[in-house]
Each structure stands twice: as structure tokens, then as C-alpha cells.
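Worksheet: the structure to be examined is printed underneath.
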Amino acid sequence: MRTSPAFRVFRVVMLLLFAVFFFGPLLAMLDFSTRGTNGSRTWDAWANLVKNPELNRAIVASLLLALFTVVLMLLLLVPTMIWVRLRVPRATRLLEFLCLLPLTIPALVIVVGISNVYQWVTYFLGDHVLNLTFVYVVLVLPFAYRAIDAALSSIDATTLAEAARSLGASWGTVIGRIIVPNIWSGLLSAAFISVALVLGEFTIASLLNYENMQVVINLLGKSDANTSVAASLAAIAFAFVLLLLLSVVGRSRRTEGS
Amino acid sequence: MASRTLRVSLVAAVGVAALAACAPPAKEKGSGGSGTDAATATSAADLGGMGALVKAAKKEGKLNVIALPPDWANYGNIIKTFGDKYGIQVTSQQPDAGSQDEIDAAKRTKGTDRAPDVFDLGQAVALANTSMYAKYKVASFNDIDARFKDANGAWVNDYGGYMAIGYDSAKVPAPKSIDDLLGPKYKGKVALNGDPTTSGAGFSGVLMAAVAKGGSADNIKPGVDFFSQMKKAGNLVPVDPTSATIKSGQTPVVIDWDYTNAAHVNDVATWKVALLPNVDPVGGFYYQAINADAPHPAAARLWEEFLFSDQGQNLWLAGGARPIRADAMVKAGTIDKAKYDALPKVTGTPVIPTTEQTTKMSDYLAKNWAAAVK
Amino acid sequence: MSRLARLAPSVALLPFLLYLTVFLLVPTVTVVVGAFAENGRFTLANITALGDPVTLAALRTSVVLSAVSAVIGATLGAVLAYLVVSGGPASWLRRSVVSLSGVLAQCGGVMLAFAFIATIGFSGTLTIWLRDHLGIDIFGSGWLFALPGLILVYAYFQIPLMVIVFLPALDGIKPQWREASVNLGANGWQYWTQVAVPLLRPAFLGATLLLFANAFAAYATAAALVSQGNPIVPLLIRSGLSSEVLLGHQHLAYALAFEMIVVVAIVMGMYGLLLRRTARWLR
């Protein structure tokens, strides 16, 4: 049945329809953003991506936010997960529950209740858009946890750790020089997904009145629709490239590492 | 084992709740630069005159303003003129924010260098937050009628306007009465600037329709019914009119303040603004106030002096708004006569609701607007 | 080993726990407490306000939007996942669809809203093409900015999410089962209705629930698309927080947020139960 001609035709038609639905809007965005006056084509809107100072500031802010979020997430999550796996296995269920909790508590709810916490953050660190890093780490936790957990499960961490400890390595060496290099693909995976999420985040930034990239794109839409569509398309394309790189990296690691 | 986990989690939950309750942090007032004198000055004289105020402001060198779109009553020009004139760097935050967002931002960034120094607020929010303002009387304080200011200078009306209908004269005919907007020529073309339960301009737009259909500041129902009719006829577009929607032709008819409507001439050359003839116009003033915890108190006070000076008032007039000192300036001959005469003519008694009337009308809208325009 | 020595390794978990407490648990507790309080006093007024016609209408629209987009996303996503699986485990089709789905499932919010405005908005590419060449006006009176439009836009990220979540379940259907059923005399239709579908049903239902929760909690797309009106709960929250006309409604926003937690928690709880059932077959 699987290779019957009827099924093959059905498959081609359905895939074509899906392709139209998913790629159509992307092409429309390209058309919309390059529209000039009287039916001409112009790249002005795309030039604005580098020329518009507000948009530039916001793009830089979002990229920095992505970087800081990944760093803080890795610092916080990786040692904790490795430690739990090696030394406190009873806490696995608790850790999993806590890391998946942000999936159940919508970002909108978090931002409604977080203004007090952010008053403290502003008190200590001043009012800067990079303060969003702290709440973004919470948002990326479920995705990062799954990626790192998958990588940790695929290596026999306990045996590696025991072997290293019996050779006299400290716990720091075990974590930093034995385990981490072996879960590199999982870490990269977590990093890429976090970057995609941070770059696309709008809810918390807009309701806390910070100006990250998505907030400024939305704002631009009110005065200059072409530029905001160009910026949206650029962001989608960037995320696509990122996740494509991720799938390539993941594959190459699997072929050489195992 | 399970009961121990339960006990531990209960203790943890109570602890977290307690933490959340005592979350409001102790805030010391940020030593806002040099201006501890400026922070308590209630007039320029307190600091030793205008010259001293200018000097103190220049020393601070910065000013944070919030929620001032560049094409709203010519604020873009006003900010630039002020910055150039005094060499002060003005940071214009969140130009798209509403009045409530201004107050929220001030509360959230209290004590930091980025807190807003001054507010420009709609009536409801302005009068609900008077404890946040510093008392200050500008040099021209006495020019302003007592109705339009707080006696101690906590807030002062700065400019006002009337609800009007802006339209692209190349696409639709001029509306002669409000019922014209129900006609086939306006199908899919009319937009209200904001949801009336969220935006002051939207609220006043519905009030304008109410007054035109026989209602008043005590009875907004006719306005809600009118918009319901417009929605059913397919004439009402459920979209916020912006520069982009006006340029693209999506919203060729906009119900908004006359001064914000006037700015759209920069988007579409054939844009015209008209008040409804033979209908009492709905008016509204905005409120200027200085943040009591302003990080740059001298610059904030200088900004107020600038706004209420002849130069500042004329800049607002250039944006199509009616400056609060217009009458005094007409008498003194300092008003920009050409622009003043070009303002849309007003007939009838302006309708300006009181706080009580506004609250009653808002409650009615909260209950009935969503269903009316579904 | 003494009690203390046994607990010692757990100390290393403290930084993580502390961080989560501050940035996740405290906001959640603040919302729950705030739903039941006003001006520092316990009150049920905000909870009862959840029963007002306006808030109920928003809840109803939210539920309808989430349910319809979940069902559409689940059905079409399952079809797409099946098409991908039938191409073989390492085909280029599978790799590209999975990568694309990864991007598109995250690509919500503002970018998606502008994508659809650029396609079927007032001056959208498709709108203009249809208007000029076929005389059809698909924009009409702006259905894109109301419930039908939201359903269409939500489908754009629900379908890829379904592909990602459902693919492992489809992978778990071993070809040996098919061979075994053929050996026992079943035809294709019987194999599907009596073997494959019952095995896939928990995973399918679970994934649908996940899509429902995802749509219910979504804010950014609707916020960017709908500028007037608050037809769904998240937009009502936005209005409660930042309205300059209805003042003092912040605690209603807390109550609405509490309502959101309750709905999403229930749905995710059911999803967890179904996940445990499917895990049995996917080993």
C-alpha cells in the first residue's frame, strides 16, 4: 500500500498544498517588503534594517539577550543536571518537574506576577533591557532540559564518572573535562533553541515595557509596514539558518562521536 | 516518605508566598545628581530665577520623557527644539505607550536614572495618580484659568482639542452629519482610534457619537448603539488607524482628536479634518505633571517652563492642538495668528466630562462595548 | 551515613532551586495570591468578576480558538507526519520537514502576524492579486483580525508543533506489527482500525491537548494582530494592565491570569497521563 501509485499521487499533492500554505506567506513577505511606489521594486525597506537606529538598537539588544540567556542557562542547568544524574538521582523527578513547569505556566502569567521581582532586579542592576535575561532563562528551561537530557541519556555518565574518580579526578574535572565534552551536541542543541526562542520573544518584553527586537518590529508596523515585514522575514530566515545549522551539527556529531 | 515530601513542599510553598508578599523592595531615593534643591523647588524663584534653573538643568544634562509620539501635537519638533536650545539630551521612551503605561513605568523604574521625569497624561489616569507628582508653578502659571490647573501646581492642562473626523478627501466625500458614516460610500472605511475600553481617544470618539445622536456625558448609550450600527453595516474597520494604515488606504476615515488627525496630512496629501457641524464638540485636555521622584528634577522643571512659554505653546499650535494659554497669548499678540485662525471652527458648547461622568461611562462601556461591536 | 552527609550533595542544587523560586514560583504565587486579594485584603470579588458576561465571552472565544486550532493542527499535522514517515527514516523529506517544523513551531508572535498581514491583509500580496486578476475581495471587513483569522494564523504554528510531537509516536509503529497482522489474515483497513489507530490514539489525543494548551497560552500573535477589542483572555489581561480608561482593573488581570493557569494546568495534567500510556508502546 505504501508505494501504490494512488498513494504516491496523494502524497505529492498533499505535500504541495502544505508547501504552499507554509511558504506562501514567506514569499508574500518578500513581495510586500520590496514594494516601491507605482509597482516598482525597491530594497529600501531592507536597507532600513541597518539604517534605522531604533531597530538597530533593538536587534543588538535581542542578540545580546540571546547570548546572555544561553550563557546563564548553561551555567545554571548543566552542572545541576550532571550533578543530579551522578550524585542525587532521587531528585531526577523533581528536576524534571521543575524544568517542565514553565510549559504549564504561560509567559503571560509569569509577566503579570513578576513586576515585584523586577523592581528588585532594577534596584540592584539598574533598568536595562538586558535584565530580561533572568526571566528568559526560565522560558527556555523546558526546551534546554529536553535537549541536554537526551544527550546525557545517550552516554553512560555514571560509568565515565566512576572511572574518572577512581583515577583521582575531582568532581570539577569530571563535570568539566569528562562529561561536558561528551554532551556537546546536546548543549549546542539547547543553545540554538534558546537563541531562536529569545529572538522571537514578545510577550514579556512588551508587557514589561522593554524594547527588544520583536517589540520594535511591532512598533514599526504602525508607521512603516514595509520595514517591519522585512525585519520579520529576516528574523524568520535567521532562525531557520540557526536550526538548520543545528540539525547539521547534530548529525555530524553523531557520526563521529559514537 | 510521601508525607515528608508533602510537609517539605507545604513549608516551601508558604515560604514562597511570604517572599512574594514582602516583595515590594525598600527604595532609597536615588541621589538624583545635583538637584536636591531642584527636587523640592515649587517655582523658578525657589532656585534663584530662570537663569539658575537653566544652569542646574544644563548641569544635569539629560531628560527622560515618555509616551510622546513624534507626530502627536508636534512633539517630535518640540523635543528637538528643547534639546537644541538648552543642550540637554532628551530620551524619548516608549512613544507608543498609553497614559497608564507612563505611571507603571515610573513606578517600576523608581530610583533609577531611566525613570520618566515628566508625564503627559489623559484625564482619567492623571487625576487618579496625583500623589506621584511634584508641585511646581511655571512662570506663566497665572495665565491659566483655575479650572485647568491644580491650585498648587501638581498638574496643569497643557493643550487640548476636539474630537473630529479626519478623511481622505480623494476617497470619500466630506461627512455632513454623523449618519453619513452609515452610508454606502463609507463601507469598510471608518476606523476609531483605539478601543474605547482601553484608549482615551477611542472613548471620546464614542462620546462624540453619543452627543451627536442625542446623548450626553451622562448617557453614552446612543454612541455605543451608533457604533454597533456601523459595525453591522460593515462600515467600521476593527483596526487601529496608524500612519501605515492611512498610507495604504486601509483606513481612509478616522475618528480621533483634531490635532492627531491633522498630522496625517503628512501621510496623505489630500487628508482633511472636520468637526461635526451643529453638534456640541467633545473636548479633552491633556495633563502635564512632574514626577516627584524625577531623576533629573531641574531639567524636568525647565521642560515645563519651556512647554508653557510662548515658544512651546506655539509649537503645540503648529501641531494642530489648542495650547492652554491661547487666550492670554491672543491678548498679548504672541500667538501664531495664521495657525490659530487655521484651526477648525468650533460651534456650540464643548462637552468635557467630569471624573464621575467618565467613570460611569467607562463602566457602561466595559459591560456593553464588546457585545455591541462583535 | 548520617542524615546530614546524605543531604550534603543536594546542597549543590540550591542555586538552581533558588533561581527558579525567584523567577518562576514567586510570580506564580503572586498571581494566585493577587487573584484573591485587593488592596491587601482577601476578597473574592475578582474571582466572581470572572463570571461577568464580558470575561465569560472572552473565555469562550479563547476555548473555541484553542480547540479549533488544536483539532485542525492535530489532524493536518498528523497527516503531514504520516507523509513524512512513509518516505523512510533518513529521507531528505523527513530531515527538511523536521527542521522546518522546528523553526515554524517557534515562529509565532509578531513575525507570524506580519506574515499573514503581508499575505491576506488589506494590502497583502494575495489580496491584491485576487482583487486585480479575479475581482475577489478576500479581505472583506477584516475577518483576519477576528476569530476566523486567528484560527488560520494559529494553524501555522500548530501544524508544525504537531509534526514534532507526533512523529516519535508514528516512529514507534513497528513494521513487524504490520507483517504480523498480515500473517494473521488482516487486510490493510483492519490493520489500521484495529492495530495502528488504537495504538496511536493516546498519543494523538495527548498531542491535541498539548496544542490546545499552546494556543490557549499564546499572547504575542493575537497582540500583534488584534489592535482593537479583547476577544480572548490574554488580550483582556493586556487591557486590564494598560487601559487608560478602565482604571484599577489590575487585579482583574491577576484573576484572569489565575484562570489561565487553572485551564492550562488541567489540560497539561491530562496530557501527562496520556503520555504515560503511550510510553508503554514506544519502547
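The values are calculated or read from the model by the stated rules, or taken from the named source; none is laboratory data. The shown structure was predicted, so the numbers you read here are calculated from the model rather than taken from an experiment. Glycine also receives a Cβ, built like all others from the backbone with ideal geometry; neighbour counts cover every protein chain displayed.
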- Task: Check segment B:218-237 and report whether any residue there is within 14 Å of another protein chain (Cβ to nearest Cβ), buried (at least 20 other Cβ atoms within 10 Å of the Cβ), in a strand (DSSP E or B) and touching a residue at least 60 places away in the same chain (Cβ under 8 Å).
- Result: yes
- Item | Unique residue being surrounded by fewer than 20 Cβ atoms within 10 Å (Cβ to Cβ), modelled with pLDDT under 85 and more than 9 Å from every other protein chain (Cβ to nearest Cβ) when the list is A:Leu245, A:Leu160 | A:Leu245
- Message: Could you go through segment C:22-42 and let me know if any residue there is in a helix (DSSP H, G or I), away from chain A (no Cβ under 12 Å), at pLDDT below 90 and under 30 Å from C:Asn230 (Cα atoms).
- Response: no
- Quick check, is B:Val54 within 14 Å of chain C (Cβ to nearest Cβ) and either hydrophobic (A, V, I, L, M, F, W, C) or out of contact with any Ser or Thr (no Cβ under 7 Å at 6 or more places or on another chain) (or both)? no
- Note on the structure: All conditions in (1) in contact (Cβ under 8 Å) with a residue 24 or more places away in the chain; (2) crowded, with 24+ Cβ neighbours inside 10 Å; (3) at the interface with another protein chain (Cβ under 9 Å from one of its Cβ atoms) are true of C:Ile232 except (3)
- Looking at segment A:178-188, is at least one residue part of a helix (DSSP H, G or I), among the aliphatic types (A, V, I, L, M) and closer than 28 Å to A:Leu26 by Cβ? yes
- Scan (1) out of contact with any Leu (no Cβ under 9 Å at 6 or more places or on another chain); (2) more than 17 Å from C:Gly34 (Cβ to Cβ); (3) in a helix (DSSP H, G or I) for the single condition C:Thr221 breaks and write down its number. (1)
- Residue check, A:Ile217 part of a helix (DSSP H, G or I), at the interface with another protein chain (Cβ under 7 Å from one of its Cβ atoms) and touching a residue at least 12 places away in the same chain (Cβ under 8 Å): yes
- Task: Among the residues of segment C:155-181, write down those that are among the charged types (D, E, K, R) and surrounded by 21 or more Cβ atoms within 10 Å (Cβ to Cβ).
- Result: none
- Note on the structure: Looking across segment C:65-92 at residues that are out of contact with any helix residue (DSSP H, G or I) (no Cβ under 6 Å at 6 or more places or on another chain) and free of Cβ contacts under 8 Å to residues at least 60 places away in the same chain, the single one that is farthest from A:Arg11 (Cα to Cα) is C:Ala90
- Restricting to helices (runs of 4 or more DSSP H) lying wholly in segment C:85-138: which have 1 or more residues that are within 8 Å of another protein chain (Cβ to nearest Cβ) and farther than 17 Å from A:Leu30 by Cα? C:92-106, C:109-120
- Task: Identify, from the list C:Ala45, C:Ala70, C:Ala74, C:Ala57, the residue that is within 13 Å of the chain's Cα centre (by Cα) and farther than 18 Å from C:Thr221 by Cβ.
- Result: C:Ala74
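Yes or no, residue by residue, for (1) over 17 Å from the mean Cα position of the chain (by Cα); (2) of a type in the set (A, V, I, L, M):
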position: C:Ala115; (1), (2): yes, yes
position: C:Ile138; (1), (2): yes, yes
position: C:Ala146; (1), (2): yes, yes
position: C:Ile151; (1), (2): no, yes
position: C:Val165; (1), (2): no, yes
position: C:Gln176; (1), (2): yes, no
- Search segment A:91-108 for residues being at the interface with chain C (Cβ under 9 Å from one of its Cβ atoms) and over 20 Å from the mean Cα position of the chain (by Cα), and hand back the single one that is farthest from C:Phe216 (Cα to Cα). A:Ala91
- Message: Given the criterion more than 30 Å from A:Met213 (Cβ to Cβ), modelled with pLDDT under 90 and buried (at least 21 other Cβ atoms within 10 Å of the Cβ), identify the matching residue among C:Leu252, C:Leu275.
- Response: C:Leu252
- Inspect all residues belonging to segment A:82-90 and state whether any of them is within 12 Å of chain C (Cβ to nearest Cβ) and in contact with a Gly (Cβ under 8 Å, 6 or more places away or on another chain). no
